[in-house]
Each structure stands twice: as C-alpha cells, then as structure tokens.
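Each remark here refers to the structure printed beneath this line.
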C-alpha cells in the first residue's frame, strides 16, 4: 500500500517539475515571434490542440538561455540561426552545444519605423534614418519635417530587432547615446505615440492607428524557432499548426 502511494507521489512530482511532462507548450521569445506568430495563433492553436501555449516575451538571449536550462520547451527570435549565435556571443552568453539545437523557420518579419501620428512625413531614406539614429541629424526640419528636436526611442529588450536595424540601416555604426530607453516593442510604440518628436522601430505587427509608419527601405528577417534536440510532441503540434492552419493567422 505504501509503495503504491509513494509511486503515485513520485509520478505526480515528475509531472509538475519537468516542463516536458506538462500539458502546455512554453516558448521564450523575442518581439518578432511574439507579435507576428505566437500571439496570432495562440487562441486557435489552444482550441484545436487542447494544449495551452504559454508565451514568455523574454528576448532572444534569455529565451535561449532558458531553453538550455530546460525551463522552456522552445525559444524563438527574429533572427537566422547564425545571427542568433553571433548575438549570444556578443552578449557574453555561452551556447554550450550549438549542434544539439534544432531549428525551424516559422515566419518572416518586417521591421518598420514608428513616428507620432501627427508626424506625417511620408518617407525616410536610409541616409536620413542613419543620420537620425546615430545622432548626426537632430531636428525634424533637416529631413523635411517640423522645426522640433528628434527624440529617439530604443527598446532594450528587443536585441534581435536592434541588431538587424543596425546592420541594415546604420552599417554597424553605434546608436545615438542620448535616447529614451524603452523595454519591449510595445513599450517603444507607447513612447513614440506619447511624444510628437519621437521616432522608434519595431516589428510590423505592432503597427496600429496610434502611430504613423513612413515608407522606408525594406528590412526583413526570418523568424526562427529552436528546440534542444528533437521537438517534443507538443512543440511539434505547434510547429505543424503554424505551418498549416496558422498560415492564415500569422502576420506576414
């Protein structure tokens, strides 16, 4: 009797202490996968699969660290695998065994520039954006706007977005030092929508009527999902759903 009871207790503890036994999929992710893929498919996936999708918007660095620790089932970011590994190295975070990480592309993201809704500039060139985000252009009148100072907003929890923007637009030059530090992409949008002088950038999915999006050079990137080894059954169901029915839900 005692042995049977102890066996039940051990089984119960295993279920609730190891994420691989839970009835949910836990994904740590950056802004691009959260806004473009995971949030849009969440309700429909849960209904179709009977599995809870728990999204942790932690950014690519912490998401991959959590995957290596085993506290999430998968990590996702708006980065190619190689760029993700380069970002981890730059951030001083060791990827112990890259070869054990399995990758799958679950979407594509475009980075957009965000302006206050009263700032009706129709277009910003690469040269103008580079000048603004490096601090060489400091007044909107220099790019055809009103005579007012430019306020740059930067999201510290969207390193994948920042890295690609710097690579494509800034040609690797450093961001302006005097800037408003926001957190997530949504926080960047909030700060831009609250300040007529502001400019920021983030994933296309966050665009709405609270901000203005000017025409800019195209900045696109793959959205990659990583698992430690082969995806478990639940994660594979999520991947299959995204690649199937989810295609009509995700933001492209």
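Laboratory data are not the source of any read-out in this text; all were calculated from the coordinates shown. Values in this document were obtained by computation on a predicted structure and should not be read as measured data. When we count neighbours, we look across all protein chains shown, and the Cβ atoms used for this are built from the backbone with ideal geometry, even at glycine.
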Percent antiparallel among DSSP beta bridges confined to the stretch 113-252, rounded to 5, stands at 50 percent
Extension length gain for residue 85 and residue 142 (0.36 nm per residue less Cα distance), in nm, is 16.7 nm
For 210, 233, 227, which order do you get if you count the other beta carbons within 10 Å of each Cβ and list the fewest first?
233, 210, 227
Expressed in nm to one decimal, what extension gain is obtained for the pair residue 208 and residue 44 from 0.36 nm per residue of sequence separation less their Cα-Cα distance?
56.8 nm
From the helices alone, meaning DSSP H stretches of at least four residues, give me the mean residue ellipticity at 222 nm for the chain, per-run term -39500 (n - 2.57), in deg cm²/dmol to the nearest 500.
-10500 deg cm²/dmol
Ranked from fewest to most other Cβ atoms within 10 Å of their own Cβ, 81, 241, 45 fall in the order 81, 241, 45
Could you calculate the FRET efficiency of residue 100 with residue 175 from 1/(1 + (r/R0)^6), where r is the beta carbon distance between them and R0 is 30 Å, rounded to 0.05?
0.35
